[in-house]
Structures are given as structure tokens and as C-alpha cells.
Amino acid sequence: MSDKDLIESGDMKIGWVRSHMPVLSIIRESFEREQPLKGHKIAMALHVEAKTAALVEALAIGGAEVAITGCNPLSTQDDVSAALNTRDNIKCYAKYDCCSDEYYEAIDKVLDMKPDITIDDGADLIFKLHTERTDLLPGILGGCEETTTGIHRLKAMEKDGALKMPVVAVNDAMTKFLFDNRYGTGQSAWDGIMRTTNLLVAGKTVVIGGYGWCGKGVAMRASGLGADVIVTEIDPIRALEARMDGHRVMSMAEAAKYGDIFVTTTGNVDILSKKHFEVMKDGAILANSGHFNVEINLEELTAMASSVRAVRKNIKEYNVAGKRINVLADGRLVNLAAGDGHPAEVMDMSFANQALCVKYIAENKLENGVHPVPHDLDMYVAELKLKSMGIEIDELEPHQTEYMEGWECGT
Ligand SMILES: NC(=O)c1ccc[n+]([C@@H]2O[C@H](COP(=O)([O-])OP(=O)(O)OC[C@H]3O[C@@H](n4cnc5c(N)ncnc54)[C@H](O)[C@@H]3O)[C@@H](O)[C@H]2O)c1
Ligand SMILES: N[C@@H](CCSC[C@H]1O[C@@H](n2cnc3c(=O)[nH]cnc32)[C@H](O)[C@@H]1O)C(=O)O
């Protein structure tokens, strides 16, 4: 594609999602009027695709200078990256399928702007700031973190006394994880798997590793598509939830024998490894929708395989003792590396939280450590979303408040 065609294609994608992100649009309009980010420099490492571009535009329109790169070597859409580079006060360094060196070089380039605010998805920028770029830490007002695993990583740093900046845990806003992780991953993981394989889900046995917010969504949609769902867990409560939601629950050692399609959503390593590959059926399909490329142990699978070949775009077939094991998108997030990521209406709420939290960091002096998203911001996003959907809800009447708060008439 020529540069002109790339930019045109990126602009079209951004225009489409912008018109389906009403909450972010309202925030963008207020940012344009009030310029709350004037003079701020924002460094970002997020999936560079159209919804992220809509967030980047809102921040730049709010007065900020923005530099962005990817947070996953396979999720960047080069047309969106090209379109972003035509905008004032925005520089994008992300490139699809970059090698590891290029990936980390781009993170350095973003940090070269000397940001005062960061936005991460997986804590790559913050990790770099605390290792090779510590000279920049005194200039940092704070950062935002988009995802569950990033927050685990930051809380571990905080516990060790290693976290030297404030970070807002955007993932933990209710208007983020209850919708993005559950309904977003629930839909987009299946979108990625179905468009990549062009196979039927109905009648298949689907094994979901992990029954957290992502796992619940992926399992719920698999059931809806007609699959027989098996869940694996390490947490007894979540295992019980899965069972009572109607799924079978067992160990992965057992489930590995039955699965036609496996989807990992744990944020943990080695959910699928040698002992599982050994007992899998011929033709099993493996996808990850959790974290980086660590949930499926591809090193072990490669070592076991007599041959590996590409059988379709984003599908590699490993021949293991005469059985074919198919891995989607090199074990990276199937919804982003083999699809377009979450639906726009879901990212609308996630990125509304990001925009409001960036403003919150710009306007408040926060202590070093991991901070929750302020409850009123979370509620504001929910209210705007409901309004954009044309939904009205009831309000407590004074006597109902009195009843709920009193103890005299409780029986
Ligand atoms: N694909 C996406 O777009 C997307 C969206 C949101 C979050 N994520 C990522 O997905 C992962 C899960 O996020 P979440 O919000 O669902 O987290 P969560 O903490 O709610 O759920 C993770 C679940 O995995 C379980 N688990 C951990 N180790 C396990 C093991 N060895 N076997 C079986 N289960 C195990 C945990 O008990 C937990 O119930 C994180 O890495 C997060 O960053 C991806
Ligand atoms: N960067 C790591 C960490 C997981 S990304 C998971 C996050 O991606 C976010 N996400 C999912 N879909 C999209 C999208 O379409 N655009 C931007 N971000 C997305 C979502 O909010 C979730 O918390 C990795 O690539 O493996």
C-alpha cells in the first residue's frame, strides 16, 4: 500500500470507531474547550489500532503533546499508525511485527520526549523508567495502567518499595474490567478465533484456562455459540462459579485430552505445556487471550515438534508424534494479533476512564504508589454510557433512602 492509501485506510478506521465511542466523544469535546492537558507530555504504550487512536486524538485535542508506541509486537495496525503521524502534536513509533529490539527501541523513543504522564498496557514504559531511564523519573507526575497483569506487576513493585511514581489502576475501575475484560474479551477472542480458522464452534469442546473476568466472558460466548465448555482454575471460588454457571470443571491435565479449542485467559505462565501437548487430540487449536506470549509454552512445543509450518494466515501447525497442533497468532493475544481487538463501544468506557484519569493526574499531586480510579469518575463514565444508550434508571425516593439507612423498620 502507498503511504497515501495507508493514511486513508487508517483515517477511515478511526472515523468509524470514533462515531461509536460516545462517552469518549463527550470527554473529547470538554477537553477541546477546557484544555486541561495544555503543557503536558504524554508517553503511551498501548495497542496501536483505531480505538486507541481515538483516545490519542482526545488527549492531543486537550492540549497535550503525545508520543505512542505499541504494547504488543503483533497488535499494531500500520495504517492507523500512519494516520496518527499526520496529526498535530502526535508522534507514533509503532510498527506491526517488529522484532524485540525494534519494540524496545520504540519504547525508548517515546520516552525521549521526557513525558510527565505515562499510559501503559502491561507496564512496559514504567518498567523501562525504573531500570534504564531512571533519570526521567523526577519529571513524572504519574501514570495510568490499562490491564490486570500490568497492575499485578506494579503492585509487586510497590510491595518491594521499588515503585517510584504514582500509578492509577485504570483496569480496576468497574466501568473497565466488568465490561472490557468480560464482554470485550468474550466477543473479540471469538472474533479472532473464528475469522482466523473459518471453523465452526458449535459442537466443539472448548477448554478455557482461567475463570476470571476474561475467562467468564470467553466461556459465556462459547456456550452461546453451541460449544461444550470446560474450565480449568486454581481458585476454588472461581472453579465453583464456573461449575454453577453450567460449565464442566477439571484439571488441565484431564481437559487437555478432550479439547478441540483451547483459550488461555489467566495472565500466568505455562497454562499449556509439554504434559498437555502430549495428550492433546489431533487437530487441537490453541489460542491465548490473556497476557503476552507466555501462557502457551511454545518453546516446549517447538522442541517436541518434528516440523512446523504455516497452514493459513496466523495459524502455525506443529507436528507432534503424527498429531497436528495448531497455534493461533504465535500464542499472542488472539483478539488483537488476529483481529481488531475489543468492540468500540467497550473501549469507549475503558478509554473514557483513561482520559479522565490522565486529567486527574494532571490536576492532583499524587503520592508514589498504586491508586484506584476515583469512584466518582467511574460512576460518571457509567452515567454517560447509560445516557448514550438512551437508558434511564430509577432514583431512590427520600423515604426509600431513609428505610435503607435506618435500623428501626428493618424487619
Ligand atoms: N485479550 C484482551 O484483550 C485482554 C483484556 C483484558 C485483560 N487481559 C489480560 O488477561 C489476563 C486475565 O485478566 P482477568 O482480568 O480475567 O484476570 P483475573 O485475575 O480476573 O482472572 C485470571 C484467572 O486466572 C486464574 N489462574 C491463574 N493461574 C491459573 C492456572 N495456572 N490455571 C488456571 N487458572 C489460573 C486465576 O485464579 C483467575 O481466576 C490478564 O493477563 C489481563 O492482563 C486481556
Ligand atoms: N500488552 C500485553 C498485556 C495484555 S493487553 C490486554 C488489554 O488490551 C486492551 N485492549 C483490548 N482490545 C483493545 C483494542 O481494541 N484497543 C486497545 N486496547 C485493547 C484491554 O483493555 C486489555 O486490558 C499484551 O499484549 O499481551
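The values are calculated or read from the model by the stated rules, or taken from the named source; none is laboratory data. Values in this document were obtained by computation on a predicted structure and should not be read as measured data. Positions of Cβ are generated from backbone atoms using ideal geometry, with glycine treated the same way; all protein chains shown enter the neighbour counts. Just the protein is used for accessible areas: all its heavy atoms, side chains included, with ligands, DNA and RNA removed. Shrake-Rupley method; radii C 1.70, N 1.55, O 1.52, S 1.80 Å.
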Quiz item: So which residues in the stretch 360-411 are open to solvent by less than 80 Å² (accessible area, probe 1.4 Å), in a loop (DSSP other than H, G, I, E, B) and touching a residue at least 40 places away in the same chain (Cβ under 8 Å)?
Solution: 366, 373
Quiz item: Looking only at the stretch 27-74, which residues are hydroxyl-bearing (Ser, Thr, Tyr), under 20 Å from residue 349 (Cα atoms) and touching a residue at least 24 places away in the same chain (Cβ under 8 Å)?
Solution: 52
Exercise. Look at the stretch 127-169 and say how many of its residues are open to solvent by less than 10 Å² (accessible area, probe 1.4 Å) and of a type in the set (A, V, I, L, M).
Key: 7
Quiz item: Could you count how many residues in the stretch 242-281 are more than 16 Å from ligand 2 (Cβ to nearest atom) and open to solvent by 70 Å² or more (accessible area, probe 1.4 Å)?
Solution: 10
Exercise. Might you check whether a residue that is charged (D, E, K, R) and at positive phi occurs anywhere in the stretch 177-190?
Key: no
Exercise. Mind checking which strands (runs of 3 or more DSSP E) fall wholly inside the stretch 116-226 and carry at least 2 residues that are away from ligand 1 (no atom under 11 Å from the Cβ) and in contact with a Phe, Trp or Tyr (Cβ under 7 Å, 6 or more places away or on another chain)?
Key: none
Quiz item: Of all residues in the stretch 107-126, how many are free of Cβ contacts under 8 Å to residues at least 60 places away in the same chain and either more than 18 Å from the chain's Cα centre (by Cα) or open to solvent by 20 Å² or more (accessible area, probe 1.4 Å) (or both)?
Solution: 3
Quiz prompt | Filtered residues of the stretch 255-274 (kept if more than 20 Å from residue 339 (Cβ to Cβ) and away from ligand 1 (no atom under 13 Å from the Cβ)) | solution = 257, 258, 259, 274
